[in-house]
Amino acid sequence: MLNAVFEDFQLRPAQEADLQAVVDIYNSTVASRQVTADTEEVSTASRQDWFLRHTEERPLLVAERAGQILGWISFEPYHSRPAYRHTAELSIYLAPEQRGKGMGARLLSHAIALAPQLGVTALVGVIFSHNAPSLALFRKHGFQCWGELPNVAEMDGALYSVTLMGLSLPQ
């Protein structure tokens, strides 16, 4: 089920040829100071190791239509210690023209459905507390606030908090 076909796009494991598009989508969020704690755009070379760390158990999936990457989902280990092996941090990034059109909801629904097949019993989203659209999306899909880290990120001289959103899945 890593591959899925929707009416208007397909979801599939990312290939190395997709990395530039994945980075471009990521970089499109940096200036907003709402989605990522990176304060400058990243290079494709700097994301190579991150890309290679994704496995069948913790995949990077891309949403594609007619050869264009519309967005992506990343499952990553929540923590390196073995007791956390069934918990994954989930990230969803969308191309600018896909935002606000329901693509995020479709990708999040698929990620939740896929998680048990990956051996994941808990999903965690690490979201800036001022990112109201992402918080609302995760809440709509059953995630709850599992905690807040106040003022842990500094960007452009301002402090920002992070909300930990979590979802426990049936075992």
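No value in this document is a laboratory result; all are computed from the given coordinates. Since this is a predicted model, take the numbers as computed values, not measurements. All Cβ positions, glycine included, derive from the backbone under ideal geometry; neighbour counts span all protein chains shown.
Key figures
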| item | result |
| --- | --- |
| Linear extension gain, Glu16 paired with Glu97, 0.36 nm per residue minus alpha-carbon span | 26.9 nm |
| Size of the range 66-171 as Cα extents on the principal axes (Å, biggest first) | 42, 41, 24 |
| Geometric extent, Cα atoms of the range 1-114 - Rg, Dmax (angstrom) | 13.8, 41 |
| Theoretical FRET efficiency, 1/(1+(r/R0)^6), r = Cβ-Cβ of Arg139 and Phe6, R0 25 Å, to 0.05 | 0.65 |
| Cα-centred dipole magnitude for the chain, charges only on beta-carbon of K, R (+1) and D, E (-1), debye, nearest 20 | 560 debye |
| Antiparallel content of DSSP bridges confined to the chain, in %, to 5 | 90 percent |
| Cα→Cβ-extended label distance, 7 Å offset, between Ala132 and Asp49, nm | 3.9 nm |
| Cα-Cα separations in the range 23-90 greater than 17 Å, expressed as whole percent | 54 percent |
| For the range 131-171, the spread of Cα positions along each principal axis, largest first, Å | 43, 19, 10 |
| Helical segments meeting 20 Å axial Cα length and Kyte-Doolittle 0.5 threshold in the chain (DSSP H) | none |
| Orientation-averaged projected area, Cα convex hull of the range 1-42 (nm²) | 4.1 nm² |
| Amide H contacts of Met155 (H built 1.01 Å from N, under 5 Å, at least 5 apart or other chain) | Tyr160 |
| CD proxy at 222 nm, helix term only [per DSSP H run n ≥ 4: -39500 (n - 2.57); per residue of the chain; nearest 500] | -6000 deg cm²/dmol |
